[in-house]
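Here's the structure we're looking at; comments come further down.
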Amino acid sequence: MKGWIKSTRKSKGLTFCTITDGKRDHQITMVDGECVIDGELKVGASFVAEGVYSKTPKGQDEFLVSKLTIVGVSDDTYPIQPKKHSDEFLRSIPELRGRTKGMQATWKMRHYLTQAIHKFMDAEGFIQYYTPLITHADCEGAGETFDVQSDWMHEKLTVSGQLHGEVGMMSLGKIYTFSPCFRAEKSMTRKHLSEFWMIEPEMAFYDLEQTIEFASIFVKEVMLSVISRSVYPYDEFKQLGISSETVADMASMIKQAWPVVTYQEVIEKFGVIYGDDISSEVEKKVVDYFKLPVFITHYPKELKPFYMKKDDKVAYCFDLIFPEVGEVIGGSQREESYDVLCAQMTEAGLDMEKMKWYLSTRKYGTVPHSGFGLGFERLLMYLTKASKIHDVIPFPVSY
Ligand code: 4AD
Ligand code: MG
């Protein structure tokens, strides 16, 4: 047995330790006088032990140790003690918080979600495509970019891989990116990071309705995969203190059809003025009303970026709003006409010379197409019931 000590306890000639090998916790037992211990049993120390697997009188699994050697010492300054630490305290020690049960479970679920996404996309015939992180293209056009500067370059960090993803779509039909994105906006909320991960599928010949249908199947499948891996025997939900009722609620939510409503319907029902964006408060009212994730479509065209397909009033777009975490996906059908797109780009004030590469997608063999961006940490927040997005990424970067 190899691992790290999480707690120690002595009782009637016996020493018990809860240890982790990274994969799961185990109980190890040492009988005084029958076990050779080389080093000090301190919480946080690493060890190698020899012994046999056995059962406690109560029938629980244990590892009966004959020899234990401390490999890396620890001492009383080690901040992760066998008690409940507040999320706030743990955020102050990102380099050590991963050694707690809850964080171990979260990092594993992050892995499960990643694997589920790649597996789903592969099975659906999507090719993973790689887009630059350093670019001049400010996809969302909100000017919330970080500068990248050296003595020979002045560019920006990407806010979204979409525009380059559209180039990939023109070559492969169906692609997705899985990539970091960077936003410099000064958002100090529980669901904004300056550096986060986005999954961006882009599909040739898909219209808005087909894309919403696909997004729904995609999110449900990957959620189901994470949920079914996070129960027995590894029990990540249990380690996070998430009840089986809550897990059952998430599982039943996946089985239902998620409502699709237009912006117009939302503003009529929830008293928003036409032309205003849908605030987090209104999003919350919408999901509370439906008690399910909700697709909101067809926002006023003025609210949306240059690349979207628009008619004289609305953009052919959608957001997927989740309970607890708000917007998880933003997506749209793209404007495929070279002339119309040029006009929309000029109106948005883009440097047309610099964007020539992007326009080539509409110049040669243009095609109706659509795509979306899934905020990886937002979905993971929902699955792990994290109170802040900062608790689902090992080293959060935020304003
Ligand atoms: O809605 P957004 O800005 O959409 C785009 O960037 C499109 N270009 C995507 C596309 O069509 N390919 O961002 C997509 C998602 C949001 O719905 C949200 O889940 C997440 O990315 N997101 C953030 N997550 C964490 N921190 C932030 N600051 C985020 N900003 C967006
Ligand atoms: Mg959005």
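The values are calculated or read from the model by the stated rules, or taken from the named source; none is laboratory data. Quantities reported herein were computed from a predicted structural model and do not represent experimental measurements. For neighbour counting, all protein chains shown are included, and Cβ atoms are generated from backbone atoms with ideal geometry for every residue, glycine included. Quick note on the areas: whole protein, heavy atoms, side chains included, nothing else; ligands and nucleic acids left out. Shrake-Rupley method; radii C 1.70, N 1.55, O 1.52, S 1.80 Å.
General remarks:
- Take every Cα pair under 8 Å whose residues are at least 6 apart in sequence, average their separation, divide by the length of the stretch 317-399, and the relative contact order is 32 percent.
- If a spin label sat at a point 7 angstrom from the Cα of Met1 along the line to its beta carbon, the backbone N atoms of the stretch 54-77 nearer than 13 Å would be those of 54-56, 60-69.
- Stretching Ser86 away from Glu265 to a fully extended chain increases their span by 60.3 nm, per 0.36 nm per residue minus the current alpha-carbon distance.
- In Hz, Karplus ³J(HN,Hα) per residue of the stretch 270-285 (6.51, -1.76, 1.60; θ = phi - 60°; x = Gly, Pro): 10, x, 9, 7, 4, x, 7, 6, 8, 6, 4, 5, 5, 3, 5, 4
- Loop-resident trypsin sites (Lys or Arg not before Pro) (DSSP state other than H, G, I, E or B) in the stretch 268-317 with no more than 14 further Cβ atoms inside 10 Å of their Cβ: Lys291, Lys313.
- Subset of Lys12/Lys42; Lys255/Lys388; Lys119/Lys238; Lys55/Lys220 violating a 31 Å alpha-carbon distance limit: Lys55/Lys220
- Qualifying trypsin sites (Lys or Arg not before Pro) for the stretch 77-118 [loop in DSSP, other Cβ within 10 Å: at most 16]: Lys83, Lys84
- The peptide list 258-264, 366-372, put in order of mean Cβ contacts within 10 Å with the highest first, becomes 366-372, 258-264.
- The chain - percent relative contact order, Cα under 8 Å, separation 6 or more: 14
- Solvent accessible area, Å² - Arg9, 1.4 Å probe, full protein context: 130
- Separation in nanometres of the label points that stand 7 Å from Cα toward Cβ, at His118 and Ser11: 4.3
- For the stretch 282-299, the residues whose amide N sits under 14 Å from a probe point set 7 Å from the Cα of Met253 along the beta carbon direction are 284-295.
- The length gained by stretching the chain between Tyr338 and Val231 to full extension, at 0.36 nm per residue less their Cα-Cα distance, is 33.5 nm.
- Its DSSP H runs of at least 4 residues, each contributing -39,500 (n - 2.57), put the calculated 222 nm mean residue ellipticity of the chain at -9500 deg cm²/dmol, to the nearest 500.
- For the stretch 109-177 versus the stretch 357-399, the inter-centroid distance based on Cα atoms is 9 Å.
- Among Met250, Met223, Met153, the largest mean-square fluctuation in a Gaussian network model of the chain (Cα springs under 10 Å) belongs to Met153.
- In the complete set of protein chains, residue-level accessible area for Val31 is approximately 40 Å², probe 1.4 angstrom.
- C-alpha center-to-center spacing [the stretch 225-280, the stretch 282-323] in angstrom: 16
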